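What follows is a short report on a single structure.
The values are calculated or read from the model by the stated rules, or taken from the named source; none is laboratory data. Predicted model only: the values in this text are computed from it and were never measured. Here Cβ is always computed from backbone atoms with ideal geometry, including for glycine, and neighbour counts include all displayed protein chains.
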Amino acid sequence: MANWRKTTTITAITAALAAGTLAGCGSSDKAAENSAKPASNEPLEITMLATMYGANPPSGPLQKMLEEATNTKLNFTWVPGSVYTDKMTTAIAANTMPKVIQVHSVEMKNTAVVNAIRSGMFWEIGDLIKDYPNLVKYQDPKVLEGTKYFGKLYSLFYEIDLSRTGVQYRKDWLDKLGLKVPTNLDELYEVMKAFTYNDPDGNGVQDTYGNVDRNELPYGAFKNIATWYGTPNEWGVDDSGKLMPDFTFPGYMDAMKYMKRLYDEKLINQDFTVTTPAQQDEKFLNGKGGMMIGNIFAKPDNIKKVNPNAELDVFNRIQGPRGTFNYGGTGVATLYLFPKTSVKTEAELRQILAFFNKLLEPDVYKLFNGVEGVHYKMLDDKTIEFLPEAADLRTNEISPWSNVLHFANFNVYKVKQLPLAQKQLDAIADNKSIAVMNPAANLISTTQAEKGTELQKIITDATYKFILGTIDANGFNKEVEKWRKGGGDKIIEELNSQYKGNK
């Protein structure tokens, strides 16, 4: 087996990020604080292109609370996640960006983003970070290193768990059908088949799918199944020690065949190639599917509104033919970039960095829990419990801001978790030991910057065509050759010229 497995683990995020030595973190280095203060007491307006994961922009008191705590005016443009990439790239192309723009981890190599950075459209901040003690403390240097472009730092990053992947499923369906939690790919197939054909909802109609999937290869079923088959993450190291793209490894073809079988036997929703994440959630919550492969965070409160008898559960390990692995990330959810056309001076840039630094002070950071007595209650002076009856309020009023600005991995309070939530967190912690990482994550290919988006579309389309049965293995291999001749071989060459091998 190729030695790409050596890249499957990285040093865990430092303990300081998880626990945080909170005392005094807002009072260190007064000189640095003073250098970042605005010239007047007028609130600093911060405009931002922000991702909206729910149906509507946030409501409630948190915006005002954050503005008062940071002396800012937050003027955010909320863009639905399904169209965010298009909106972002259009803003970059037209050079009509706000002061802060989010770039999701999956778009870090986006052609528009890389070319904009290379052309000097964004501020470099590497020499400035040292003046902001909280950014130094809570922006893990190992993760930060992987966010650099051309050896320079242009962004802050929103930290995320190394791997949140797994399976959420209908435990009540599994129990009704007398099945056990699957532990390997064959058992997983059998459960999906039973969820499809054995009337798990008891309505006498065959109207369910084993798995509800979405139109995103990295975040839906496919890349997870590919990882279970031993496929590397985007790039892997072959037996000769050379970096090669994931679709050149045997596990990729194995995963396409597995997905094709699911599609042919109607064990997954037949419209998965056009199903958005929001539509996937809706189908699952409305009882159209027995599981979702991908993000492990289940929503029991939401599903019980539709069906009070529904019971959700999760698992994160599936044994594959080459071992037990899970699809990993980079530790980065999104980047925050600062365009020069909207942030005119270094002084203004420093004010914005001071805002992000302020968000990491304990008295500000705890605001992302919401309002005591409304969104949560205190169990003691160190522990909070979110109020179950306030779940919708948190979704509408707190989560949108948390998803955008709650960008480090610590909490002022310990949160008492419900059993399922704790199981999810335990699974995420377990994923650290089996997460497959991308060994080329921090490498930049000039050709990839210029042609990467169009070349990736060749492979994405070919993968879908194989699963849908419009091309066979020979057809897929022809598309791979098209990718190679169109610039893929040059990308391989450029990345390997930078690759130093497994450390």
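Quick notes on this one:
- Long-range neighbours under 6 Å by Cβ, at least six apart or interchain, first residue surrounded by 14 or more Cβ atoms within 10 Å (Cβ to Cβ) within the stretch 260-277, second of a type in the set (Asp, Glu): ILE268/ASP213; PHE272/ASP213
- Scanning the stretch 340-386 for residues that are buried (at least 21 other Cβ atoms within 10 Å of the Cβ), aliphatic (A, V, I, L, M) and over 15 Å from THR72 (Cβ atoms) yields one hit, ILE384.
- Hey, ALA390 in a helix (DSSP H, G or I), under 18 Å from the mean Cα position of the chain (by Cα) and not acidic (Asp, Glu) or not: no
- Criterion applied to ASP430, ASP380, ASP363, ASP426 was being in a helix (DSSP H, G or I), more than 24 Å from LYS305 (Cα to Cα) and without any contact (Cβ under 8 Å) to a residue 24 or more places away in the chain, and the one residue passing it is ASP426.
- Residues of the stretch 403-421 satisfying the condition of being assigned to a helix (DSSP H, G or I), touching a residue at least 24 places away in the same chain (Cβ under 8 Å) and of a type in the set (A, V, I, L, M): VAL404, LEU405, LEU420
- All positions within the stretch 216-231 that are closer than 19 Å to TYR464 by Cα, assigned to a loop (DSSP other than H, G, I, E, B) and modelled with pLDDT of 95 or more: TYR229, THR231
- Residues being assigned to a strand (DSSP E or B) and closer than 24 Å to ILE434 by Cβ are entirely absent from the stretch 145-156.
- Subset of the stretch 285-306 (residues that are assigned to a loop (DSSP other than H, G, I, E, B) and crowded, with 17+ Cβ neighbours inside 10 Å): GLY287, GLY290, ILE296, ALA298
- Residue in the stretch 429-453 that is farthest from the chain's Cα centre (by Cα), counting only those that are surrounded by fewer than 19 Cβ atoms within 10 Å (Cβ to Cβ) and under 30 Å from LEU367 (Cα atoms): ASP430
- Boolean, GLU159 is of a type in the set (Asp, Glu) and farther than 22 Å from PHE355 by Cβ: no
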